[in-house]
Amino acid sequence: MDDPATTDLCVDCRERDASLSIRNRRLCSACFMRYVTSKVLKRMESFRFKTLSGDDRRRLLLPVSGGVSSLVLLHVLDAQLQRQIASRNRTAYDLVVLRVVLPEDEGSTTLKGDYEELARKFSAHRILPLLDLQAVFKLDTHIERDFEHLGLRRHGSESDESFLNRMLSCATSVTARADLQSILLQRLIVSAARQHGCESVVWGHSDSRLAALVLADVAKGRGGSVPSTIADGPSLHGINSNYPMRDLFKTELQSYAQLVPDPLLAKVADSGETTAPPTAMRHTSIDTLLRTYIHSQGEKYPGIMANVVRTASKLDGRQASTITATCPVCIRLIVRSQGLLNPDGNLCYGCDRMRNDIKS
Amino acid sequence: MPPTTCEVCKDARAAVIRPKNSQKICKRCFLEVFESEIHETIVSNNLFYRGERVAIGASGGKDSTVLASVLKTLNERHDYGLNLVLLSIDEGIKGYRDDSLETVKRNALQYEMPLEIVGYDQLYGWTMDQVVAQVGKKGNCTYCGVFRRQALDRGAAKLGIKHVVTGHNADDVAETVMMNLLRGDLPRLARATSIVTSSAASAIKRSKPLKYAYEKEIVLYAHHKKLDYFSTECIYSPEAFRGSARTLIKDLERIRPSSILDIVKSGEDMAALVPPEVGGSVSCAGEAEEEANSCGSRNTNGDSMDLVEKQLALNEAAAERETEIKVPTATAKPQVTGHPAAVSIHDKKSNGRRKGKIVKQVMGQCERCGYMSSQKVCKACSLLEGLNKSRPHTSIEVGVEDEEASTTLMREVAGIAISAG
Ligand SMILES: [Zn+2]
Ligand SMILES: [Zn+2]
Ligand SMILES: [Zn+2]
Ligand SMILES: [Zn+2]
């Protein structure tokens, strides 16, 4: 091999000096940005002009979380739409941006300001006002009926907010609480997409994030839901899901955020697992444990961790023989494979397991 | 703190907290529920038929000892009409098996079961000590793994027995599910979750009646039944993927004790979702692991995860080079390279273009020994050929005949919650 000190040229353009090592290739920052963009846009192929018929206006919902991944996605798609305007004076789709305020965000002094800043910067798109998690009870008309399967019912004239807080406090474990909250969040985002006429939700999940979700599904007895967790395309919600960032590692998105001259991105570039304070195992949720696992193992074995999603993607949720119904809580297929562990009742195993940790 | 009363009989003092549901129960109720759950596993899966001769793979460790004890109890209590035999393998490592074989011999007397000890010398013509003398310490793990995998089946065949039961428990299954997910091997993941594994090509049926039993409960059962077993401290540390999966599962169990069974359930459901075209194949990631070694002595840290990581990085780089040629600009054109990295999710059409990354394996029989094998000559026979030619083996083809290793022997059992008093 050549001495890197003398010949550290970018392997893509072979012109500029390389400044980053990306999957064992030395790239300059310009080529790296192009690499990120092309990985995302390749996954956006189904939303090209070509696939439009007549005067269709396609709308996509992009939920931002305040984290680096969804913001990079917004950044890349915004740039794509700007290029489309410049060349054709119209766009192949419209973006609708949403931010949900979670219970743990309460008291955040920066959230509102950051979102306003985002709204100013991306004003070409439809930026929805901040939405509290309890809005799910207004937007999702089935959720209260569905959650009765978990033994969770609204008390008389209880407000949405106190119903939500009481619901979450019924969880006797950190894992069940996290599980419950992520189901609520998912249902809220999908309902918002429906309300705003979006055909698809484009999620900011990186490959690393999807890998952690796959492992967490498996660890929580939700192995049968893995295809619905990571697959692009139609979902049982009736709204499509797309994961255009699925080929990029979280660390790559952080590098991207550091390189783009944008204060919004710079602010979130360093956010992530590294800043999470260490907590005792029993106060950790399974989801958090697996995010940490993927993050720490990913430093030494990025390829293996990336391969988890690739492997899980081979699972086929359409193997109809073992699928019996849809779980009313998580809205995913229920797999009743052979074995002794199928629960009674109409919940999937994972939701049934979660219910065991809910004491109402 | 006053003693807790048993949640089942509401009478005796609780002595056990069940990991699967946190139930606090007394010793007698625990023994009963443990046995009745295994009975349920046996009955609902139709594991046995009346008059069947069944070999219990007996190592003298806690799993196989508990299995033997429970099967004897249930066979009498429910009149299964089974003809149970203890089958032990002697690898021929001086000193290594002595104590455990003594334990098995005592078990045979205690349970009034015939015992057959089959040595590697009988099965292969070589003891492990002789193999080590021949090939040196470095390469012997390959032999150890391959020979051990086949030994029980070969031993049973020698006795004319068609069914071997092993002590694999829920922890083993959960670990193997995670491990195979990490190394990208869905076929092995699926095999690990099924309670019976047999192949048309193999005359020997294998099953694991303890599949849903927690390792902790197995230890508790052995303890309360005062069973005579040998606790081996394995001299080997686990293979890297297994080690990583094991650490992860221990952490998960600490967060939520039911995780073990939850992962078993996930594995069963995922196995049902493995499409047929993937089910019969073995990925390259799995093969690399075998080539490293399967039991991995402590000092060889050039481990399988490193090998697989390097391979994946090479694949990635190759795919990137293709991308460079095909997609020179930022607005990417649709492209499917031959590499899985670029294969879109659920894109079946691309399966055929993976340039042999996924190799279809057709199971057949070894033409020398008749053992099921994807190759003409099985791994053991090809290793033996090398040995018999008095030269060390260089490269080993990997088939799918290996089952997951029973690792509970090697796993330390820590922090067992007994006594709620
Ligand atoms: Zn460059
Ligand atoms: Zn569910
Ligand atoms: Zn009792
Ligand atoms: Zn053979």
- Item | Under-5 Å amide H pairs with A:Val329, H placed in peptide plane, nonlocal only | A:Cys348
- Peptide B:247-254, shielding by other chains (average Cβ, 10 Å cutoff): 4
- Note on the structure: Mean per-residue count of partner chain Cβ within 10 Å for A:219-230 equals 6
- Item | Under 5 Å, built H, 5+ apart or other chain: amide partners of A:Arg26 | A:Val11
- Under 5 Å between amide H atoms, partner at least 5 residues away or on a different chain: which partners does B:His163 have, H built in plane at 1.01 Å? B:Ala55, B:Lys205
- Within the range A:35-118, DSSP-loop GluC sites (Glu not before Pro) with at most 14 other C-beta atoms within 10 Å are A:Glu106
- Query: What does the charge count near A:Leu164 come to, summing +1 for each Lys or Arg and -1 for each Asp or Glu among other residues with Cβ under 14 Å from its Cβ?
  - Reply: -3
- chain A - Kirkwood radius from inverse mean 1/r over Cα pairs (Å): 21.9 Å
- Once phi for every residue in the range B:206-223 is put through the Karplus expression 6.51 cos²θ - 1.76 cosθ + 1.60 (θ = phi - 60°), the whole-Hz ³J(HN,Hα) values, with Gly and Pro written as x, are 10, 9, 10, x, 8, 3, 9, 8, 5, 4, 4, 6, 5, 4, 5, 4, 4, 5
- Provide a whole-number value for the mean count of partner chain Cβ atoms within 10 Å of the Cβ atoms in peptide B:178-185. 4
- Pop out the ³J(HN,Hα) list for the range B:174-179 in order, Karplus 6.51 cos²θ - 1.76 cosθ + 1.60 with θ = phi - 60°, rounded to Hz; leave Gly and Pro as x. 4, 4, 5, 4, 4, 4
- Once phi is turned into θ = phi - 60°, what whole-Hz ³J(HN,Hα) does the Karplus curve with 6.51, -1.76 and 1.60 give for every residue of the range A:91-97, x standing for Gly and Pro? 10, 6, 7, 10, 9, 10, 10
- Ascending count of other beta-carbon atoms within 10 Å, so fewest first, for A:Cys198, B:Cys9: B:Cys9, A:Cys198
- Just list whichever of A:Lys314/B:Lys265; B:Lys208/B:Lys310; B:Lys211/B:Lys250; B:Lys10/B:Lys250 have alpha carbons separated by over 24 Å in the model shown. B:Lys208/B:Lys310; B:Lys10/B:Lys250
- Query: So what is the calculated 222 nm ellipticity per residue for chain A, using -39500 (n - 2.57) for each DSSP H run with n of 4 or more, over all residues, to the nearest 500 deg cm²/dmol?
  - Reply: -13000 deg cm²/dmol
- Message: Using the Cα centre of the range B:29-287 as the reference point, and only Cβ charges (+1 on K/R, -1 on D/E), how large is the resulting charge dipole? Debye, rounded to the nearest 20.
- Response: 360 debye
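Quick note: the coordinates plus some simple rules give every number you see, no bench work behind them. Keep in mind that what you see is a predicted model, and the values were worked out from it rather than measured. Ideal geometry is used to build each Cβ from the backbone, glycine not excepted, and the neighbour counts take in all protein chains shown.
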